[in-house]
Amino acid sequence: MLTWFVVYTDGSTHSYSPDFTISNINVQRLDRFVLHLEGSETPLVMIHFDDSRKRPIYVKRIELPNGHHSFKVVCHILGWQMNVGGENIQSINYTFETIGREEGEMYWVENGGKFDNNRSTWTKSPSQEQLNVIGSKQL
Amino acid sequence: MVATITINRLTGSSGSITETDITSINTRANTIDSHTTGDTSNPIEIPSSGTNYSFWVNTQLDATVAPDNLVDNLEWFTDGTNSYGTGIGCVVAQAARASYTQATGTGGVTGTVLNDTNYSGGTLTPTTPVDAFGKSTGSPLAVTGSTTTTGAFGNIVVYQVTVGTTATPGTKPASPETFTWRYDET
């Protein structure tokens, strides 16, 4: 199962836990957001916040098991948004994982530009409420 | 914590709803108001004229472990292909939990037709249920609701199988139809 940690500009790392969720991330100090396999710190996806205008995006989109397959499909929607010359620029990674797949778990990454409600169900924009969660309770 | 979300089938009277976890399994749309995976003693009778119906099937999401922050953007969809066979269809609508209405009808024959009058009048959306197979991954049913805590949440998705005179006997389809729930979580 995939999880994440963040690296702040002072080099400190902060891993996901029930006491440190994305709402607790200090987005002003964010340098890297790392998605990795639980139990391994080798990054699967690393997003660099190398421009102070980049605002992080992270929401999970989940398909529950159904009568045909007994595993969940989780899409980690991870990326950034910034305004450049009045234009809303986005870069989004769609990192997919299966959870509970008998033949072995699968992982794959897709990358796209700004959210596109017409392109696919995965590239649809999360709600504004979800996009506002990250950093909303920063310590 | 990462949320644990299950799919429940709701049966029984509105004053004492039975919630059965049907995540990962099948549930029969037949002519009895209870969850079964293989019951064959309560079929839908093929009508000599008109249409017969399954008892409608009430399903709803339930957070057994609360999300860290928020679950929203609830969606429900089919594979987009009706595999029931000739004369058989499925319609779907949604309703608030407060308007939950127990499925009724005549066992072994037909359920009561699903419409806004029969389902706690004035609460079904849309008022005339639509073809479930028109709701696919790219154009799902957007289900009203969200949660930050544990417990059942979001609207009930209620569907009903329809059987016309041209249907043929047997368990339909041979391989179950797949209905899927999707949501966003932080």
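No lab work stands behind these numbers, since they all come straight from the coordinates. Small disclaimer: the values here were computed from a predicted structure and weren't measured. Glycine gets a Cβ as well: all are built from the backbone with ideal geometry, and neighbour counts include every protein chain shown.
The table that follows gives values for the structure above.
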item: Extension gain (nm, one decimal) between A:Ser40 and A:Asn132, 0.36 nm per residue minus Cα-Cα; result: 30.2 nm
item: Sites B:Ser99 and A:Thr3 - FRET efficiency at Förster radius 41 Å, r taken between beta-carbons, to 0.05; result: 0.55
item: Relative contact order (%) - criterion: Cα under 8 Å, at least six apart; region: chain B; result: 33
item: Exposed-loop-free span, longest in chain A, where GluC sites (Glu not before Pro) count as exposed if DSSP calls them loop and at most 14 other C-beta atoms lie within 10 Å; result: A:42-101
item: Residue (of B:Ala103, B:Ile46, B:Thr117) at the positive-pole extreme of chain B, dipole from beta-carbon charges; result: B:Ile46
item: Approximate spin-label separation A:Asp50-B:Ser34, in nm, with each point projected 7 Å along Cα-to-Cβ; result: 6.4
item: Where only C-alpha atoms are counted, convex hull volume of the stretch B:90-178 per residue in Å³; result: 144
item: Length released on extending from B:Ile46 to B:Val109, taking residue separation times 0.36 nm less the Cα-Cα span; result: 21.9 nm
item: Estimated Rh, chain B: Kirkwood, alpha-carbon pairs, angstrom; result: 16.7
item: Fully extended contour minus Cα-Cα distance, from B:Thr144 to B:Ser14, at 0.36 nm per residue; result: 44.8 nm
item: Nonlocal Lys pairs with alpha-carbon distance under 15 Å, the stretch A:2-131 (8 or more apart, or different chains); result: 4
item: Rounded, prolate or oblate (a/c below 1.5 giving rounded, otherwise prolate when a/b exceeds b/c) for the stretch A:2-131 by Cα gyration tensor; result: oblate
item: B:Thr4 versus B:Ala66: modelled label distance in nm, points set 7 Å from Cα along the beta carbon direction; result: 1.6
item: Sequence-separation-based contact order of chain A, relative, with Cα cut under 8 Å and 6+ spacing, percent; result: 22
item: B:Thr171-A:Ser70 pseudo-label distance in nm [points 7 Å out on the Cα-to-Cβ vector]; result: 1.7
item: Rounded to the nearest 20 debye, dipole of chain A from Cβ charges on Lys, Arg, Asp, Glu; result: 460
item: Dipole magnitude (debye, nearest 20) for chain B, charges at Cβ of Lys, Arg, Asp, Glu; result: 360
